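The structure appears right after this line, and notes come after that.
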Amino acid sequence: MTDQTLEQARAELLALILDVSFEQKKVTLASGRESNFYLDLRQTLMRPKGVALAGRLVLDMLQRGTPVEAVGGMAVGAVPLVSAVLGAAASSPGHEDLLGFFVRKETKKHGMGRQIEGGFNEGQVVALVEDTTTTGGSTLDAVEIVKAAGGKVARIICLVDRGEGASEAFAERGLVLEPLFTRADLNLPN
């Protein structure tokens, strides 16, 4: 994609997020923190335009940084975004081999008894993705599980960083959070 096309796609995705996923109201987040706004990015990622735009933009981010062999994240939150990236990769020459996976909170009690499902193999260099980050807790859990299984987490990418500590939490572990959008993009005060 050209820089102009990327900026247009980014603007379209942000407009969609603000239209269908953003609400200014008091809520308690998964982290236990209270916030004066809520982001339900499933509302964006469960629409054809949202999934296409997010997939293209995250794939572009992946192309511009440290190369990875697979993209994954914690179930259930990351699954739509992983699928979006894989869909974009399927129609992007040179990326048809990108694999996807998701991490369960607990090892499955039946079947193969896996905690990581999909295209994950020991030794892979991976990117973990998340729709939105607050403290980074669930993705940090995924980092530990992937590392314990022999994976190498090279990148952490999210659609929206709420600006409430995730970036710092990743930095403490030697990882850099790469958000597509930040709190400032939502026109909220810091």
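The values are calculated or read from the model by the stated rules, or taken from the named source; none is laboratory data. Since the structure is predicted, the reported quantities are computational estimates derived from the model, not experimental observations. A quick note on method: Cβ atoms are made from the backbone with ideal geometry, for glycine too, and the neighbour counts reach across all protein chains shown.
Some points to look at:
- When segment 30-55 is filtered for residues that are under 21 Å from residue 128 (Cα atoms), surrounded by 14 or more Cβ atoms within 10 Å (Cβ to Cβ) and among the hydrophobic types (A, V, I, L, M, F, W, C), the ones remaining, listed by number, are 39, 41, 45, 51, 52, 53, 54.
- Check on residue 56, in contact (Cβ under 8 Å) with a residue 40 or more places away in the chain, closer than 18 Å to residue 95 by Cα and out of contact with any Pro (no Cβ under 8 Å at 6 or more places or on another chain): yes
- Residue 44 touching a strand residue (DSSP E or B) at 6+ places or on another chain (Cβ under 6 Å) and of a type in the set (Val, Ile, Thr): no
- Meeting the requirement of 3 or more residues that are modelled with pLDDT under 95 and not basic (Lys, Arg), no strands (runs of 3 or more DSSP E) wholly within segment 56-165 can be named.
- Criterion: surrounded by fewer than 23 Cβ atoms within 10 Å (Cβ to Cβ), closer than 20 Å to residue 177 by Cα, under 15 Å from the mean Cα position of the chain (by Cα) and aliphatic (A, V, I, L, M) - qualifying residue of 71, 125, 79, 58: 79
- Complete set of residues in segment 14-29 that are closer than 20 Å to residue 134 by Cβ and either among the hydrophobic types (A, V, I, L, M, F, W, C) or in contact with a helix residue (DSSP H, G or I) (Cβ under 7 Å, 6 or more places away or on another chain) (or both): 14, 17, 18, 20, 21, 22, 27, 29
- Residue among 133, 139 that is among the hydroxyl-bearing types (Ser, Thr, Tyr), within 23 Å of residue 42 (Cβ to Cβ) and touching a Cys at 6+ places or on another chain (Cβ under 6 Å): 133
- Pair list, Cβ under 8 Å, 6 or more apart: segment 60-73 residue farther than 14 Å from residue 152 by Cβ, other residue aliphatic (A, V, I, L, M) and part of a loop (DSSP other than H, G, I, E, B): 60/1; 62/68; 62/98
- Hits in segment 15-39 - residues which are at pLDDT below 95 and either of a type in the set (Asp, Glu) or within 13 Å of residue 83 (Cα to Cα) (or both): 23, 34
- Residue within segment 179-188 that is basic (Lys, Arg) and either touching a residue at least 60 places away in the same chain (Cβ under 8 Å) or within 29 Å of residue 21 (Cα to Cα) (or both) present: yes
- Filtering segment 8-29 to residues that are among the polar types (S, T, N, Q) and surrounded by fewer than 16 Cβ atoms within 10 Å (Cβ to Cβ) leaves 8, 24, 28.
- Test for residue 53: is it within 24 Å of residue 166 (Cβ to Cβ), in a helix (DSSP H, G or I), touching a His at 6+ places or on another chain (Cβ under 9 Å) and not polar (S, T, N, Q): no
- Taken over segment 141-169, the criterion of being more than 26 Å from residue 23 (Cβ to Cβ) and in contact (Cβ under 8 Å) with a residue 24 or more places away in the chain is satisfied by 141, 142, 143, 145, 146, 149, 150, 151, 152, 153, 154, 155.
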